[in-house]
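Asker: Would you mind keeping the following structure in view while I ask a few things?
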């Protein structure tokens, strides 16, 4: 169907752009999942890693909330086929939680076989910010943002870091980088009250009602927007001043973009990918492009792609993002030629997957 559409569209440049982008969005946004697995023996291997860290509770009330969220993340990670490591659960042993965390992060440096899913690091608990130093509170010694930056420096695989603790904003400045998504519950270290954003985020990621672009899947960006909205609703319902504002950083500029702003962008277009890449806002660049393409739990109707096909698709879609950014500097003919080339490459990937799915189960 895509091949036929493209051949017809050559006669009408403007219509070609419109339909090609719609095809791209329907294919890439509806089926764009980092965590899809093929029905092969290779797919039974973990498709990435998730580290779920349950921090120091402080009080039983907070501890119950943190534990509930942590268990939700572990469940989500297992559903996604990730190798889940839990830290801070149950009684502590001879090793401190900070040492266990360091050891788990070192495993993320290991060159895995081709995996489609990013690695995930989820920090659930309290945070502090003193003398310009942000920390996440663990049982025993805490871990500072700059310490995590050193530990994760050698990780080249795509990495999602979610710090849903209070005073977590400075973790964006410390951890931002290429192939990384950083989400924090607060926009600065000064927001030090208990953060509720983390209570809403795992539920939002697993709830189809979070699907803003109606593609039957929930991206990390959509989940963050839903959780941030629920957080705001809580403070308004309680008639309280909101003391936490979630931010997302996935373009490596260490600045981050408020979830409220990304909500406006996403709701203002059928899909975030249809917006020009990296629009300017007060000299900073909007984040969200990578988070919009990161889906932890794939739809049952999503195309089943091999890990190497997912990586190739990600490369093509990165080229499409850059192409959209350069649209005004290219001639119409050059722009459409490059667009068609990328669309055809995507079509080949999906055509291959469709043919493979039609093969008998025991076919080589």
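Asker: Can you spot a residue in the range 164-171 that is over 18 Å from residue 69 (Cβ atoms) and touching a strand residue (DSSP E or B) at 6+ places or on another chain (Cβ under 8 Å)?
Answerer: Among the residues of the range 164-171, at least one is over 18 Å from residue 69 (Cβ atoms) and touching a strand residue (DSSP E or B) at 6+ places or on another chain (Cβ under 8 Å), which makes the answer yes.
Asker: Then there is this: Of everything in the range 123-157, what is surrounded by 22 or more Cβ atoms within 10 Å (Cβ to Cβ) and not in a strand (DSSP E or B)? Give them in sequence order.
Answerer: 125, 126, 138, 145, 148 - these are the residues of the range 123-157 that are surrounded by 22 or more Cβ atoms within 10 Å (Cβ to Cβ) and not in a strand (DSSP E or B).
Asker: Name the one entry in 286, 322 that is out of contact with any helix residue (DSSP H, G or I) (no Cβ under 7 Å at 6 or more places or on another chain) and at pLDDT below 80. Talk me through it step by step, then tell me what you get.
Answerer: On the way: 286 fails: out of contact with any helix residue (DSSP H, G or I) (no Cβ under 7 Å at 6 or more places or on another chain).
It is 322.
Asker: Tell me, yes or no, whether the range 347-358 has at least one residue that is over 22 Å from residue 215 (Cα atoms), modelled with pLDDT of 70 or more and surrounded by 15 or more Cβ atoms within 10 Å (Cβ to Cβ).
Answerer: Yes, the range 347-358 contains at least one residue that is over 22 Å from residue 215 (Cα atoms), modelled with pLDDT of 70 or more and surrounded by 15 or more Cβ atoms within 10 Å (Cβ to Cβ).
Asker: A further question follows. Return yes when residue 105 is buried (at least 24 other Cβ atoms within 10 Å of the Cβ), touching a residue at least 40 places away in the same chain (Cβ under 8 Å), in contact with a strand residue (DSSP E or B) (Cβ under 8 Å, 6 or more places away or on another chain) and assigned by TED's automatic domain parsing to the domain that holds residue 65 and no when it is not.
Answerer: When the stated conditions are applied, residue 105 does not pass them.
Asker: Can I ask one more? Name the residues in the range 215-256 that are under 22 Å from residue 194 (Cα atoms) and out of contact with any helix residue (DSSP H, G or I) (no Cβ under 9 Å at 6 or more places or on another chain), would you?
Answerer: 233, 235, 236, 237, 238, 239
Asker: Could you tell me whether any residue of the range 39-46 is at pLDDT 95 or above, over 29 Å from residue 344 (Cα atoms) and in contact with a strand residue (DSSP E or B) (Cβ under 6 Å, 6 or more places away or on another chain)?
Answerer: So far as the range 39-46 goes, no, none of its residues is at pLDDT 95 or above, over 29 Å from residue 344 (Cα atoms) and in contact with a strand residue (DSSP E or B) (Cβ under 6 Å, 6 or more places away or on another chain).
Asker: Please count how many residues of the range 213-261 are surrounded by fewer than 22 Cβ atoms within 10 Å (Cβ to Cβ) and touching a strand residue (DSSP E or B) at 6+ places or on another chain (Cβ under 8 Å).
Answerer: Final tally of qualifying residues: 6.
Asker: Yes or no: residue 96 within 20 Å of residue 64 (Cα to Cα), assigned by TED's automatic domain parsing to the domain that holds residue 54, surrounded by fewer than 18 Cβ atoms within 10 Å (Cβ to Cβ) and out of contact with any helix residue (DSSP H, G or I) (no Cβ under 8 Å at 6 or more places or on another chain)?
Answerer: No; evaluated as a whole, the condition is false for this residue.
Asker: Residue 206: touching a residue at least 60 places away in the same chain (Cβ under 8 Å), more than 19 Å from residue 287 (Cα to Cα) and surrounded by 18 or more Cβ atoms within 10 Å (Cβ to Cβ), yes or no?
Answerer: Here the answer is no, as residue 206 does not meet what is asked.
Asker: Checking the structure you have, find out if any residue of the range 29-38 is in contact with a strand residue (DSSP E or B) (Cβ under 9 Å, 6 or more places away or on another chain), modelled with pLDDT under 90, surrounded by fewer than 20 Cβ atoms within 10 Å (Cβ to Cβ) and not in a helix (DSSP H, G or I). Walk me through it before giving the result.
Answerer: Within the range 29-38, the subset in contact with a strand residue (DSSP E or B) (Cβ under 9 Å, 6 or more places away or on another chain) is none.
Checked the range 29-38: no residue is in contact with a strand residue (DSSP E or B) (Cβ under 9 Å, 6 or more places away or on another chain), modelled with pLDDT under 90, surrounded by fewer than 20 Cβ atoms within 10 Å (Cβ to Cβ) and not in a helix (DSSP H, G or I).
Asker: Something else: Can you tell me which residue within the range 180-191, out of those that are part of a loop (DSSP other than H, G, I, E, B) and in contact with a strand residue (DSSP E or B) (Cβ under 6 Å, 6 or more places away or on another chain), is nearest to residue 247 (Cα to Cα)?
Answerer: First pass over the range 180-191, keeping only residues part of a loop (DSSP other than H, G, I, E, B): 185-191.
Still in the running and in contact with a strand residue (DSSP E or B) (Cβ under 6 Å, 6 or more places away or on another chain): 187, 189.
Details: 187: 6, 189: 12 Å.
Filtering first and then ranking leaves 187.
Asker: From the list 120, 73, which residue is in contact (Cβ under 8 Å) with a residue 60 or more places away in the chain, in a helix (DSSP H, G or I) and either closer than 24 Å to residue 204 by Cα or out of contact with any helix residue (DSSP H, G or I) (no Cβ under 8 Å at 6 or more places or on another chain) (or both)?
Answerer: Values: 120 fails: in a helix (DSSP H, G or I).
Checking each option against the conditions leaves just 73.
Asker: Condition first: part of a strand (DSSP E or B) and surrounded by fewer than 23 Cβ atoms within 10 Å (Cβ to Cβ). Can you find one or more residues in the range 162-171 that meet it?
Answerer: Within the range 162-171, none of the residues are part of a strand (DSSP E or B) and surrounded by fewer than 23 Cβ atoms within 10 Å (Cβ to Cβ).
The values are calculated or read from the model by the stated rules, or taken from the named source; none is laboratory data. Since we're looking at a predicted model, the values are computed, not measured. In this analysis, Cβ positions are derived from the backbone assuming ideal geometry, glycine residues included, and neighbour counts consider all displayed protein chains.
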